[in-house]
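Taking it in order: structure first as structure tokens, then the write-up.
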Amino acid sequence: MGRRLNVTKVGGAALTDPSFLAELTRHVHTLVENDAAPLLVHGGGPEIARLHQRLDIPFEFSEGMRVTRGESMEVVTMVLAGLLNKRLVARLVSSGLRAVGISGVDAGMLRAAYLDRDRWGEVGGEPEVQPGCLYHLLDRGYIPVVAPVALGPDGNAINVNADLAAEAIAVALDAPDLDFVTDTPGVLRDERVVGTLGAEEIERLIEEGVVSGGMIPKLRAARRALESGVIRVRVGDLRSLEQETATEAVLL
């Protein structure tokens, strides 16, 4: 491939914001101009909830995770592999970028076991990556845009956390760079960005309540990625990532 691979994970909520889509498109152009090979992974939580409500399909959470069964899994697949994936790909392609939208089911690229089917339904744990199709696209100059729907052990599509998917893909492809895009300029402590965060500090910050909610799986994924060989893992908004002021997780 020759170019430096950058795996970027973006949240689903941001993909409903036209101004964010414009900023993200510009960011990807900047990566390409700097001779990077971008690969995007996206989530879709808020849009999934909205479509459940529009279709009058009940849904619930257990221990902070969405319970995904039957019709609910159909909604998840529609939103992740369809609506949001194609919305993002259309924006990138219309700007001149060679983006290709795929889900983890395609070519069996992401495979996962059920996390706890009785409790959460069609929800998978950390996926295994078969990177062949990703290498095929990257080697030909395409930008993969990955929806985190994986192939389950029984041949059905299952939902996996997008942070886990981004981590697993970065590790499998030996990507030197993994970025988690958030709506804050980084990990905040006393309203100030933590510039450098040691991997061993992450659990302590979680225990102290300094970080919470959706930041927790991102930081845990960051730690595992570093421990598995990813060189640089950053957390922040697009501006802070470009200005090199985002939080950088490091192994000390």
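The values are calculated or read from the model by the stated rules, or taken from the named source; none is laboratory data. Here the structure is a predicted model, which means the values were calculated and not measured. With ideal geometry, Cβ positions are generated from the backbone for all residues, glycine too; neighbour counts draw on all protein chains shown.
Numbers for the structure displayed
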quantity: Boolean, THR30 is at pLDDT 95 or above, surrounded by fewer than 22 Cβ atoms within 10 Å (Cβ to Cβ) and in contact with a helix residue (DSSP H, G or I) (Cβ under 7 Å, 6 or more places away or on another chain); calculated: yes
quantity: Any strands (runs of 3 or more DSSP E) falling wholly within segment 1-101 and containing at least 2 residues that are in contact (Cβ under 8 Å) with a residue 12 or more places away in the chain and polar (S, T, N, Q); calculated: 4-10
quantity: Qualifying residues in segment 50-70 (those that are of a type in the set (A, V, I, L, M) and more than 19 Å from ARG119 (Cα to Cα)) - the one surrounded by the most Cβ atoms within 10 Å (Cβ to Cβ); calculated: LEU51
quantity: Residue ID - nearest to ASP139 (Cα to Cα), chosen from residues in segment 33-60 that are at pLDDT below 95 and within 14 Å of the chain's Cα centre (by Cα); calculated: GLY43
quantity: Selection count, segment 230-252, where residues are among the acidic types (Asp, Glu) and touching a helix residue (DSSP H, G or I) at 6+ places or on another chain (Cβ under 7 Å); calculated: 1
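Results for (1) more than 30 Å from GLY121 (Cβ to Cβ); (2) in the same structural domain as THR30 (by TED's automatic domain parsing); (3) not in a helix (DSSP H, G or I), shown as yes or no for each residue.
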| residue | (1), (2), (3) |
| --- | --- |
| TYR135 | yes, yes, no |
| GLY141 | yes, yes, yes |
| LEU164 | no, yes, no |
| VAL171 | no, yes, no |
| LYS218 | no, no, no |
| ALA221 | no, no, no |
